[in-house]
Structure formats: C-alpha cells, structure tokens
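Report on one structure; see the data block that follows.
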C-alpha cells in the first residue's frame with residue numbers, strides 16, 4: 001500500500017495538485033469510504049473515525065458533501081425505478097405436468 005500511495009503522491013505532485021487540494025480529495029474519498037461501509041450512518045462512521053458526529057457533519061459541510069445525497073446513494077432505488085420483475089430477470093421455464 002505504501003508503494004501505491006507513493007506513486008499517487010508523485011503523480012499528484014507532478015500534475016501540480018496543491019497540498020490543500022490533495023488533502024481535501026483524500027478527506028472526501030476517505031469519508032465516503034467509511035460512510036459507505038456504514039451505509040451512510042454518520043453516528044457509526046464518526047465513531048469509527050474517532051470523532052464526534054457533529055464534527056463529521058461539519059467536516060462534510062466544509063467539503064461540500066451533502067450527507068443526504070450520500071445516504072440516499074446508499075439506499076436501494078424505489079421499485080418504480082428498478083423496473084418490473086420481468087424486466088430484471090429472464091422468464092422462468094415451468095415444467096409441464
């Protein structure tokens with residue numbers, strides 16, 4: 001993992017990515033990963049991150065991350081958006097009796 005991180009840092013530096021932007025992008029990706037692991041639950045994510053839920057919420061706001069969209073992105077789409085069962089699966093063969 002250290003090698004991959006070193007390679008990424010080298011790419012970012014040679015591409016002219018500023019330190020502030022690199023830190024911002026790291027925070028966003030890391031928080032998204034932890035939130036996805038906890039299915040958008042900020043309380044559980046904050047606990048894993050070792051911070052208060054309000055601090056996590058404030059950090060998300062500072063990074064222009066909408067916690068509602070994060071939570072909604074974790075949910076299964078409503079039935080009308082998933083399509084009819086026949087559209088999702090192939091028809092089953094029924095044995096002749």
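Any residue at all in region 14-35 that's over 16 Å from residue 61 (Cα atoms) and touching a residue at least 24 places away in the same chain (Cβ under 8 Å)? Within region 14-35 (the criterion being over 16 Å from residue 61 (Cα atoms) and touching a residue at least 24 places away in the same chain (Cβ under 8 Å)), the answer is no, since none of the residues qualifies. Residues in region 37-81 that are over 18 Å from residue 24 (Cα atoms), assigned to a helix (DSSP H, G or I) and modelled with pLDDT under 90: 68, 69, 71, 72, 73, 74, 79, 80, 81.
The values are calculated or read from the model by the stated rules, or taken from the named source; none is laboratory data. On a predicted model such as this, the values are computed, not experimentally measured, just so you know. Cβ coordinates were reconstructed from backbone atoms using ideal geometry, including for glycine residues, and neighbour counts include every protein chain displayed.
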